[in-house]
Amino acid sequence: MKRKSLSSCNVSLGLLFTAVILKAAESAKGKYAHMLFNELFEDYSNALRPVEDTDKVLNVTLQITLSQIKDMDERNQILSAYLWIRQSWYDAYLKWDKDKYDGLDSIRIPSNLVWRPDIVLYNKADDDFSEPVNTNVVLRYDGKITWDAPAITKSSCVVDVSYFPFDSQQCNLTFGSWTYNGNQVDIINSLDSGDLSDFVEDVEWEIHGMPAVKNVITYGCCSEPYPDVTFTLILKRKSSFYIFNLLLPCILISFLAPLGFYLPADSGEKVSLGVTVLLALTVFQLMVAEIMPPSENVPLIGKYYIATMTMITASTALTIIIMNLHHCGSEAKPVPQWARVVILDYMSKIFFVYDVGENCTSPKREKEEECRLEGDDGCQRRHKEVRSSLSNRNDDCNLREKLNGNLNKSYGVRGENIRETVNCCSCYKMLIKNIEYIANCVRDHKANRAKGIEWKKVAKVMDRFFMWIFFIMVFFMSVLIIGKAA
């Protein structure tokens, strides 16, 4: 027990001794840091470029880390991004011998105490011209200064929406010195591209790279070169949201337009369906117009909307024309011979159009079925029999009148039976005349009705024809937009 207590006491003393040594070392480093800071900045000025020779170029290494895309405003063509900007350079007046300061190799001081390069974002599109974030800089014993500063930048980006919502964008972030030329401050990109290791995934855009290119430009105002580093942010839009909310409803609505030709003309809903579909597409077109910039490049989905609206307008106009054909009555001209051959004989069989008022499953009327079973000869034979019976009765009446007239001349007045016979024959004549008149009226009515039925059948065949034409157009338009997107 005594040995265990002695060992535990030794461990505790060792830990206490180590903590005291570390605390003393920290206090010693803090003491040397204050001493170093006072000596370095005693005669230091952050207003001048920190080089011993004024003709010497100061190299500034630039590195950009993309953390997040905050917003992509296509209408105003502004990209908002959250960046980490790292700049490093060597200050000739901030060096020390670390052995004189107990091995102190770096200190962290406010950035406004040292000279900083005035590197700015050239294509900035923000109204706020405030100073950079005043974070600390890391100062090493060899004079190297590293300055890490976060920044939320708003840069102008030329947006091409020709293939929206399947588009890709390239936004440039150009950094360069605002006052120093290339003979005074030279910018060197630390990496060949921006750092994307800490990027937070965006819900709308995919990052396909951020290459960096150094440019040396001589402007018209000055003869000196001005270097800059341009980071090109390659973005690919995630189109799932727009497919399910803008494109798919438009395709479904487009397939309703040809179905307007399938509606019966007597329903009174053919034109109202086309107008309703046209208004729905107009609403979607306005939604896309609010998102896109007012440029000459019409987006792909906008072209699809315009083509669909044009098609629906044409279908509504054709529906009105076909309804006029459907409602042609008995006063209209007969169907032309070419229309009977082309539309009623051939096209009706191609598009499986039956007579008006019946379809492939409705039963036939009994009289038409009987006439079809007996054939046309049977129907004509029945009409001939009725006419022959009426004509025979008329001949009998004429024969009796002649006989009665001869008998009256030769034998005198017969009696009441003969008068009744003559009266009966005259009644038969009046009845035959009335029946013939009614038959002529019925025949004319059937002819006029058949004329109207022919026009209705022509309208029905044209409805089916345009329905399939517009179905094919909608299908090819949908395939075309998907093909262009791919």
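Which value, in Å², gives the accessible area per residue of segment 205-280 when a 1.4 Å probe is used on the protein heavy atoms?
Working: 3780 Å² over 76 residues.
Accessible area per residue, segment 205-280: 50 Å².
How much FRET efficiency would the formula 1/(1 + (r/R0)^6) give for D160 and Y346, where r is the Cβ-Cβ distance and R0 is 45 Å, rounded to 0.05?
Numbers: r = 50 Å, r/R0 = 1.11.
Efficiency at R0 = 45 Å is approximately 0.35.
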**Nonlocal amide H pairs with G182, under 5 Å, H built at 1.01 Å** = Y226
**Complete:** Excluding ligands, DNA and RNA, the carbon-plus-sulfur percentage of the accessible area of segment 30-237 with a 1.4 Å probe reads 47
**Complete:** Amide H neighbours of L62 at under 5 Å, excluding residues fewer than 5 places away on the same chain, with H built from the backbone geometry, are I188, N189, S190
**Message:** Please list 3J(HN,Hα) in residue order for segment 47-57, calculated via the Karplus relation 6.51 cos²θ - 1.76 cosθ + 1.60 where θ = phi - 60°; whole Hz, with x for glycine and proline.
**Reply:** 8, 10, 5, x, 10, 6, 10, 5, 7, 8, 7
**Item:** Exposure of H327 as accessible area (Å², to 10), given a probe of 1.4 Å and all protein chains
**Value:** 120
**Complete:** Rounded to the nearest 10 Å², the accessible area of S272 using a 1.4 Å probe with every protein chain kept is 50
**Prompt:** Per residue, what accessible area does segment 48-98 have, given a 1.4 Å probe and all protein chains present, in Å²?
**Reply:** 50
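Would you mind calculating the gained length between L196 and F244 on full extension (0.36 nm times residue separation, minus the Cα-Cα distance), in nm to one decimal?
Values: separation 48, 0.36 × 48 = 17.28 nm, distance 2.98 nm.
That works out to 14.3 nm of additional length.
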**Asked** Residue by residue, what Karplus-based ³J(HN,Hα) values in Hz, rounded to whole numbers, does segment 175-187 have, using 6.51, -1.76 and 1.60 with θ = phi - 60° and x for Gly and Pro?
**Response** 10, x, 6, 7, 10, 8, 8, x, 7, 10, 10, 10, 9
**Request:** Just grab the label-to-label distance for A289 and C427, each label 7 Å out from Cα along the Cβ direction, in nm (one decimal).
**Result:** 8.2
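The values are calculated or read from the model by the stated rules, or taken from the named source; none is laboratory data. Predicted model only: the values in this text are computed from it and were never measured. Neighbour counts run over all protein chains shown; Cβ positions are idealised from the backbone, glycine included. Heads up: the accessible areas ignore ligands, DNA and RNA and are worked out on the full protein's heavy atoms, side chains in. Shrake-Rupley method; radii C 1.70, N 1.55, O 1.52, S 1.80 Å.
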